[in-house]
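Okay, structure first, notes after.
The values are calculated or read from the model by the stated rules, or taken from the named source; none is laboratory data. Nothing here was measured: the structure is a model prediction, and the numbers come from that model. No Cβ is skipped: glycine too gets one built from the backbone with ideal geometry, and neighbour counts run over all protein chains shown.
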């Protein structure tokens, strides 16, 4: 890759870093992710439970979708990544859903930070306390 292309890639990665708060906000603003924004009496009591290295699926998906933005940059610069189901590259960085279009999604093992784990553990504790109150 030429120095010019490397510089352009760095610029795009730095733009992702600079806009990380906005990207995360968009992914986590979905009321479907948060019980307190859209209470559902049918929600599994363990919806936000972290078990070992398995994080709550509804939130893990949001984190992976946020990180999927990096995949679009890698794909643009011809790394072995595709963020749509039309590519022929080795790594598939997308999530396909029957209800919506293909979404870039980080596919590798992912360990949440201690802060992230602490926040979701607190949310799980509050959810666990509140959930039975709505089922009476």
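Applying the set (1) within 23 Å of residue 23 (Cα to Cα); (2) in a loop (DSSP other than H, G, I, E, B); (3) modelled with pLDDT of 80 or more to residue 49 leaves exactly one unmet item: (1).
Go through the residues of segment 2-22 one by one and say whether even a single one is surrounded by 13 or more Cβ atoms within 10 Å (Cβ to Cβ), under 23 Å from residue 71 (Cα atoms) and more than 20 Å from the chain's Cα centre (by Cα). Yes, that holds for at least one residue. Pull up segment 28-43, narrow it to residues that are in a helix (DSSP H, G or I) and either surrounded by 13 or more Cβ atoms within 10 Å (Cβ to Cβ) or in contact (Cβ under 8 Å) with a residue 24 or more places away in the chain (or both), then point me to the one that is nearest to the chain's Cα centre (by Cα). So, considering only residues that are in a helix (DSSP H, G or I) and either surrounded by 13 or more Cβ atoms within 10 Å (Cβ to Cβ) or in contact (Cβ under 8 Å) with a residue 24 or more places away in the chain (or both), the one nearest to the chain's Cα centre (by Cα) is 28. Within segment 9-27, residues that are in contact (Cβ under 8 Å) with a residue 60 or more places away in the chain sit with their Cβ atoms under 7 Å from residues that are surrounded by 13 or more Cβ atoms within 10 Å (Cβ to Cβ), at 6+ positions apart or across chains, in these pairs: 9/73; 9/77; 12/73; 13/73.
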